[in-house]
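Have a look at the structure below before the remarks.
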Amino acid sequence: MNKNIELGVVNTLRIDRDTDHGFYLLAEDEDDILLPKAYVTEDMNIEDEIEVFVYTDSEDRYVATTERPKAMLGEFGYFEVVGVESFGAFVDWGLQKDLFIPKKYQKIPLEVGMKFVFRVCKDEDSDRLFGAHKFKEFIHTDLEELGVNQKVDIIIREKTPLGFKVIVDNKYEAMIFHNEIFEDIWIGQKKQAYIKKIRSDKKMDICLQKIGNKDESKETAIHRIEKVLKTNGGELECTYKSDPELIKELFGLSKKNYKKALTELIDKKIVKLDVDGICLIK
């Protein structure tokens, strides 16, 4: 149970009393908050402890909901712009009340229908949540606690000529280069990845596969080729000479890793190679 009510995150609070407007919930410090009737369910009872997300209503009062936003305070999410005013824009972040994006936190003038990765922030002066498309001030540059091959959570932020910019652990900026991507990824996607390199400019390069374990990489490649063959009737028009883009599209592998794994499968007499392609040996 929360000691006090916290804005922008999930709180565990106790149901204190029932009213015409809904349940009032208490924190340990006896501060209370309304859970509107729309979110009250038959299995909720007085004295129960329940988990709710806390944000502000149209009059800037704290209010609870059993719904969850696409991202909470301090997190990044992929939201669509649903409204634009002279003073800012509004995005759909998964709750009944849209998230406000002030003009000063817009990288470009936002228009309805646009989709970007935004950060959920809190204005300490007004005690309100807002979204930021311009969020450089919130990015951490102290990378001392991070290490190569460390597993991290990422959200794909933006595509560039070099690759994809990503946000790491809701704190850091990083890049995944095109020539190291062997699967379909898209803006707004959340994944687990690995730190490949920590650079002197206080940024880092990210890899979608764990590096430094050749045996594991080879076994993964072998498994992928077998799986794709099985889902395609055991045969594919693909050889050592196939185009790298075709190999990437079919197996999510680089041509180099594909050739190594294919050789292993042929040597083990699992796969047969002929002029037209490869097939599973039954």
Considering residues that are touching a helix residue (DSSP H, G or I) at 6+ places or on another chain (Cβ under 9 Å) and either among the aromatic types (Phe, Trp, Tyr) or closer than 21 Å to Ile33 by Cα (or both), the number found within the stretch 66-89 is 3
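Results for (1) in contact with a strand residue (DSSP E or B) (Cβ under 9 Å, 6 or more places away or on another chain); (2) surrounded by 14 or more Cβ atoms within 10 Å (Cβ to Cβ); (3) of a type in the set (D, E, K, R), shown as yes or no for each residue.
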site	(1), (2), (3)
Pro36	yes, yes, no
Asn45	yes, no, no
Asp57	yes, no, yes
Pro69	yes, yes, no
Val81	yes, yes, no
Leu95	yes, yes, no
Leu99	yes, yes, no
Check Phe118 against each of (1) part of a loop (DSSP other than H, G, I, E, B); (2) in contact with a helix residue (DSSP H, G or I) (Cβ under 9 Å, 6 or more places away or on another chain) and name the one condition it does not meet.
(1)
Would you pick out the residues in the stretch 191-207 that are crowded, with 16+ Cβ neighbours inside 10 Å and at pLDDT 90 or above?
Ala193, Tyr194, Ile195, Lys196, Ile198, Met204, Asp205, Ile206, Cys207
For the stretch 11-21, give me each residue that is more than 21 Å from Pro69 (Cα to Cα) and either surrounded by 14 or more Cβ atoms within 10 Å (Cβ to Cβ) or hydrophobic (A, V, I, L, M, F, W, C) (or both).
Arg14, Ile15, Asp16, Asp18
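The values are calculated or read from the model by the stated rules, or taken from the named source; none is laboratory data. Small disclaimer: the values here were computed from a predicted structure and weren't measured. FYI the Cβ positions are ideal-geometry reconstructions off the backbone, even for glycines, and counts take in every protein chain you see.
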